[in-house]
1. Could you list 79, 154, 304 so that the one with the fewest beta carbons within 10 Å of its beta carbon is first and the one with the most is last?
2. I'd like the FRET efficiency for residue 297 and residue 69, computed as 1/(1 + (r/R0)^6) with the beta carbon distance as r and R0 of 45 Å, rounded to 0.05.
3. Would you mind getting me the FRET efficiency between residue 43 and residue 331? Use the beta-carbon distance for r and R0 = 41 Å, nearest 0.05.
4. Which semi-axes, in whole Å and largest first, does the equivalent ellipsoid of the stretch 38-83 have when worked out from the alpha carbon gyration tensor as the square roots of 5 times its eigenvalues?
5. Taking the Cβ of each residue in 94, 103 as the centre, tally the other Cβ atoms inside 10 Å and list the residues starting with the fewest.
6. Distance in nm between label sites at residue 309 and residue 260, each 7 Å beyond Cα in the beta-carbon direction?
7. Would you kindly give the portion of the calculated P(r) for the stretch 219-302 that falls above 19 Å, as a percent of all Cα pairs?
8. Using every alpha carbon pair in the stretch 254-359, what percent of pairs falls into each 10 Å bin from 0 up to the bin containing the largest distance?
């Protein structure tokens with residue numbers, strides 16, 4: 001009788017490469033030390049002026065840091081960059097999640113870089129409540145733009161900052177301008193009050209909408225519409241073309257009900273399909289028309305002066321609030337006042353009056 005044929009298993013373990021008995025600890029230590037060495041302030045400033053992206057990224061990291069020594073270094077860099085700033089067009093882009101902001105920004109950014117522009121994208125991501133880091137990671141969502149040598153993308157976690165906008169976005173804009181970027185795109189999370197904060201740091205405010213979302217019929221979210229310099233109805237392709245055209249008519253009617261802007265600019269509504277790269281040129285033409293008009297009538301410059309005043313006051317308020325809550329006596333008395341409130345022995349208003357009166 002014939003013996004059954006034996007088959008060799010395809011799952012076999014092969015002998016690996018034997019690691020060396022001795023490793024060059026000196027070499028490893030040298031590499032680790034090199035990684036830890038941070039460039040000097042002057043080196044970072046010079047790198048920024050030379051258009052070096054690595055220097056820009058390191059400087060932005062210093063700006064976002066909570067450490068005091070980093071804050072001092074960051075302030076020196078910002079002061080040095082100020083004379084080379086303010087030469088860009090700053091565009092805020094907002095819209096509800098799912099409206100296609102990242103797809104639009106990639107198509108828009110590519111159009112600009114193809115035309116010789118240098119584009120910086122400051123994408124403010126929602127923060128993870130656990131790690132405090134960015135959740136969405138815009139670099140992974142803008143595959144083409146991230147590889148463009150004339151583009152720079154910086155996703156920042158929004159944290160607990162004003163309206164969901166990264167705490168130091170204003171300073172980051174200055175560094176990007178000093179690096180040579182002439183167009184700054186600021187993407188908001190698209191939820192909460194982030195739109196108000198972004199509006200206070202940009203020249204042109206662009207609102208992305210979807211057709212059939214109901215917004216054109218429910219009072220049109222008055223606050224955001226008032227801020228918008230243009231409404232772009234995205235995803236206007238395929239079966240969405242007809243609803244998009246209807247939405248455009250509705251938004252145009254609504255925009256004419258709002259009072260005239262100080263800039264004398266009449267906000268416009270445009271259709272766009274970022275996925276198919278349609279309508280992108282028209283959006284940029286709107287921005288150029290707006291900039292030309294506002295620079296001619298002086299509103300562009302006066303608007304930036306007003307923004308600087310707003311951010312001066314905002315920074316002072318933030319600093320005073322942080323200093324107050326970090327005081328040891330306030331921390332101690334705060335707990336006692338909370339207990340008194342819970343025991344119905346005082347009111348929140350009386351407790352606040354008492355805490356603010358501490359010397």
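1. Working: 79 11, 154 22, 304 15.
By the 10 Å Cβ count, ascending: 79, 304, 154.
2. Calculated value: 0.50.
3. The pair residue 43/residue 331 has a calculated efficiency of 0.55.
4. Gyration-tensor ellipsoid for the stretch 38-83: 16, 11, 9 Å.
5. Lowest count first: 103, 94.
6. 2.2 nm
7. In whole percent, the long-distance tail amounts to 44.
8. Pairs per bin, as whole percents: 11, 21, 18, 14, 16, 18, 1.
Any read-out appearing in this document is the output of simple, stated calculations on the displayed coordinates, not a laboratory observation. Everything numeric in this text was worked out from a predicted model, so none of it was measured. Cβ: placed from backbone, ideal geometry, glycine included. Neighbour counts: every protein chain shown.
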